[in-house]
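**Q** Pasting a structure below so you can have a look.
The values are calculated or read from the model by the stated rules, or taken from the named source; none is laboratory data. Here the structure is a predicted model, which means the values were calculated and not measured. Here the Cβ positions follow ideal geometry from the backbone for every residue, glycine too, while neighbour counts run over all protein chains shown.
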Amino acid sequence: MDWGQLAIKALISGVLIAAASEVARRSPGWGGLIASLPLVSTLAMIWLWRDTGDTARVAHMALSSSLYVLASLPAFVILAMLLRKGVAFPAAMVAFAVTGWIGYGLMQVAGRRLGWPV
């Protein structure tokens, strides 16, 4: 493993996350847009292809990412609903995490039965 390349990957990824949170402080809508962009997935696929040259593996990852995005969508809805109803942020985040993990678990069960790459 080349530690220099790993450090560059971490730095670029961290800068994108920091940028999204800083933009969201000024404009939650724009911050949400940046956070919803598949930046992490795109970078991960670029790094994967650069490291392996395996386009089939990148395609598998792209489909898996899409399926897990679908599985996580209810968690975001739950979070927004709870916060709007006045639920404390820590409790809403716990519900968000639990809902997300349930979604991921259900996607894995369904995906295995249907032959999806999860």
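**Q** I'd like the full set of residues that are surrounded by 11 or more Cβ atoms within 10 Å (Cβ to Cβ), closer than 20 Å to Y68 by Cβ and among the small types (G, A, S), limited to the stretch 8-57.
**A** S13, A20, G32, A35, S36, S41, A44, listed by residue number.
**Q** Determine whether the stretch 23-32 contains at least one residue that is free of Cβ contacts under 8 Å to residues at least 40 places away in the same chain, on the phi < 0 side of the Ramachandran plot and under 15 Å from the mean Cα position of the chain (by Cα).
**A** Yes: the stretch 23-32 contains one or more residues that are free of Cβ contacts under 8 Å to residues at least 40 places away in the same chain, on the phi < 0 side of the Ramachandran plot and under 15 Å from the mean Cα position of the chain (by Cα).
**Q** When the residues of the stretch 67-118 are narrowed to those that are at pLDDT 95 or above and among the β-branched types (V, I, T), which ends up farthest from the chain's Cα centre (by Cα)?
**A** Applying the filter and picking the extreme gives V87.
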